[in-house]
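The values are calculated or read from the model by the stated rules, or taken from the named source; none is laboratory data. Bear in mind that the values here come from a model prediction, so they are computed numbers and not experimental data. As a convention, Cβ positions derive from the backbone with ideal geometry for all residues, glycine included, and neighbour counts pool all protein chains shown. Note: areas computed on protein heavy atoms with side chains; ligands, DNA, RNA excluded. Shrake-Rupley method; radii C 1.70, N 1.55, O 1.52, S 1.80 Å.
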Amino acid sequence: MHSHNYRLPQPFKDQVVVVIGSSASAVDISRDISGFAKDVHVASWSNPADTFIKQNGYTNIWMHSMYHFPFLETNGEVTVDDNCVGPLYKHVFPPALAPSLSFVGIPYKVLPFPMFELQSKWIAGVLSGRIKLPSKEDMMVETKTMKATFEGLGIPKRFTHCLGIDQFEYYDWLGSQIGCSGTEEWRKEMSLPIS
């Protein structure tokens, strides 16, 4: 169920509940449900990799990291380390396996559905042959450059896919690849913090 539809904790009595995310709604709901549920598991990108810890002050709230692809065998070409999936060119294509493997929806702190649409259109264009990816070597250089930039700035790996305000530059880039505008100005204005 989406947090928008959540109203009362009683229907979760004696159940094991998984809450995805750790923003205000997820925190409020997990704490509210914990009084009724058997266990509450909160999965979030902001938790370090391989996290499985009890939430302070609660006996039945467990914090987990989010990224894990147990079904995906890539012979080490794609790894998950501290919630960083990589290497990924533009958060979508692993250079060594592109274009046959792609990911939609990895970045977070974004407007998700517009991003999903832009990423999906880019992938479709690449798979149809209408859009050409850079060489595997060039894609790898870009992913290594981004990694080095983050390391130089002291940004932990787990924030590699955290776009925040940079999402609009990313959407504009995706839009340029698929031949449409990235993000409408009204959408940007609605997403910016009020000053």
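Test Ala96 against the criterion of being of a type in the set (A, V, I, L, M) and assigned to a strand (DSSP E or B), and give yes or no. Step through it out loud before you land on a result.
Details: of a type in the set (A, V, I, L, M): yes; assigned to a strand (DSSP E or B): no.
So Ala96 fails the test.
Restricting Ser128, Ser176, Ser181, Ser191 to those that are farther than 27 Å from Asn83 by Cα, of a type in the set (S, T, N, Q) and at pLDDT below 95 reduces the list to Ser181. Tell me whether the stretch 60-70 contains one or more residues that are open to solvent by 50 Å² or more (accessible area, probe 1.4 Å), β-branched (Val, Ile, Thr) and in contact (Cβ under 8 Å) with a residue 24 or more places away in the chain. No, the conditions are met nowhere in the stretch 60-70.
Figure legend. Inter-residue proximity from the stretch 108-119: first residues surrounded by 22 or more Cβ atoms within 10 Å (Cβ to Cβ), second residues in a helix (DSSP H, G or I), beta-carbon distance below 6 Å, spacing 6+ or different chains. Indicated pairs: Val110/Gln167; Leu118/Tyr171; Leu118/Leu174. Taking into account only those residues within the stretch 2-47 that are among the acidic types (Asp, Glu) and in a helix (DSSP H, G or I), which is surrounded by the most Cβ atoms within 10 Å (Cβ to Cβ)? This residue is Asp32. Within the stretch 120-172, the set of residues being touching a residue at least 12 places away in the same chain (Cβ under 8 Å) and under 13 Å from Pro99 (Cα atoms) comprises Ser120, Trp122, Ile123, Gly125, Val126, Leu127, Ile131, Leu133, Pro134, Lys136, Met139. Just a yes or no: is a residue in the stretch 16-28 β-branched (Val, Ile, Thr), modelled with pLDDT of 90 or more and under 18 Å from Pro107 (Cα atoms)? There is no residue in the stretch 16-28 that is β-branched (Val, Ile, Thr), modelled with pLDDT of 90 or more and under 18 Å from Pro107 (Cα atoms).
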